[in-house]
Every structure is written in C-alpha cells, then in structure tokens.
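I have placed the structure first, in the form of structure tokens, so that the comments after it can refer back to it.
The values are calculated or read from the model by the stated rules, or taken from the named source; none is laboratory data. Because the structure is a prediction, the values reported are computed rather than measured. Please note: Cβ atoms are built from the backbone with ideal geometry, for glycine as well, and neighbour counts cover all protein chains shown. Please note that ligands, DNA and RNA were not included when accessible areas were found on the heavy atoms of the full protein model with its side chains. Shrake-Rupley method; radii C 1.70, N 1.55, O 1.52, S 1.80 Å.
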Amino acid sequence: MKKIIAWAIIIAGVFGLLWLTGRNKAFDPQNEIVKAANQSVNIGKELAISETFYDFGAISMKNGNVTKIFKVTNRTDKDVFFPSLTTSCMCTVAYLIEPDGSKKGPFGMPGHGGAVPRANELIKAGESREIEVVFDPNAHGPAGVGMINRIILLEDDNGNKLQFEIKANVTP
C-alpha cells in the first residue's frame, strides 16, 4: 500500500511540474523579433535599400549612443504602407525621418515599457524615407560589454518584413 501511495505522489509531482512548466512560458519579445526576422520576406522587389547591415566596430560605453541611418526607397508605382517598425532589444530604438526632416518615434522593442507606437507610415511611389537607428551601449549596465547584434524590422501592411541589422563590440 505504501508503494502505491509513493508512486501516486511521484506521478502527481511529475504531472504537476509538466503543467507548471508549460504554464510559465513567458512572452519574450527579443525571441519573437528574432523569429520574425528569421522568417522575413524579402520585399526588396518593391524597395531599394541603401544597406541592411552595419557594423559599428568597437564602441566605448563612455562615448554614449551611436547612430546609423538606413535609406529605404519605394521604387514601385504604388504606395507602400508600413504600420510597424520594431527593434529586437530595449537598447535600440528607431526613428522614421519624415520628408520635412522631422522625426517620428521612437520605435522600440515590443513588450518593453508598454506598447510600441504604430509607425503607420506611407511611402509613396518613388519616395524615400530614412530610418535612424540609435544604439545605447550603456543600456545593459557595466556588465554589458562584448559583441552585440540587434535587428530592426520594418513591416508592411501585407506582413512582409524588411530587416536591418547592426553589430558592435561594446567596450567599457
């Protein structure tokens, strides 16, 4: 009888752990952005892009934020609507630079500090927009040194994603 009770407790414990493990899977915005980027569709047929990757090289925390501007041109005869611009980490934000030079944003990581505002940007046929990406090397504190890769996603209203990437080696 004692063996049956012991086995029942063990089996109940295993099922309890499995239930709790499945229940506690937290939403991880970083992983969601990376997954989306890995499934990204090349919308380069519609858009001309100055570049999609930039390596800052070695950057020092003591020198503060670094910035890179990417240029996107709609080379079709139709307007392209972009409801979403997001980043893969809280240390990185993006701004849309309007034709008049004003900035729209910041757009950041989903789930960090509330909802990311919608970009809701229309790039008319033949027009260009610049996307300013700002990386803060101090966002992860003094221990946040070493190589980083961050992803910025611009998504059109059809769900197609255009991926930009920045890389840096953060030093103290």
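A few notes on this one:
Residues are listed down the side, and each one gets a yes or a no for (1) more than 14 Å from PHE70 (Cβ to Cβ); (2) not small (Gly, Ala, Ser):
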position	(1), (2)
GLY105	no, no
PRO117	yes, yes
LEU122	yes, yes
VAL134	no, yes
PRO137	yes, yes
PRO142	yes, yes
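- Residue list for the range 104-144, filter: of a type in the set (Asp, Glu), under 15 Å from the mean Cα position of the chain (by Cα) and part of a loop (DSSP other than H, G, I, E, B): ASP136
- Long-range neighbours under 7 Å by Cβ, at least six apart or interchain, first residue touching a residue at least 40 places away in the same chain (Cβ under 8 Å) and over 22 Å from ASN120 (Cα atoms) within the range 140-157, second aromatic (Phe, Trp, Tyr) and open to solvent by less than 20 Å² (accessible area, probe 1.4 Å): ARG150/PHE135
- Which numbered condition GLY141 misses (of (1) open to solvent by less than 70 Å² (accessible area, probe 1.4 Å); (2) in contact with a Lys or Arg (Cβ under 8 Å, 6 or more places away or on another chain)): (2)
- Wholly within the range 50-102, strands (runs of 3 or more DSSP E) carrying at least 3 residues that are more than 21 Å from VAL170 (Cβ to Cβ): 66-74, 80-82, 84-87, 92-97
- Boolean, ALA115 is in contact (Cβ under 8 Å) with a residue 40 or more places away in the chain, small (Gly, Ala, Ser) and loosely packed, with under 14 Cβ neighbours inside 10 Å: no
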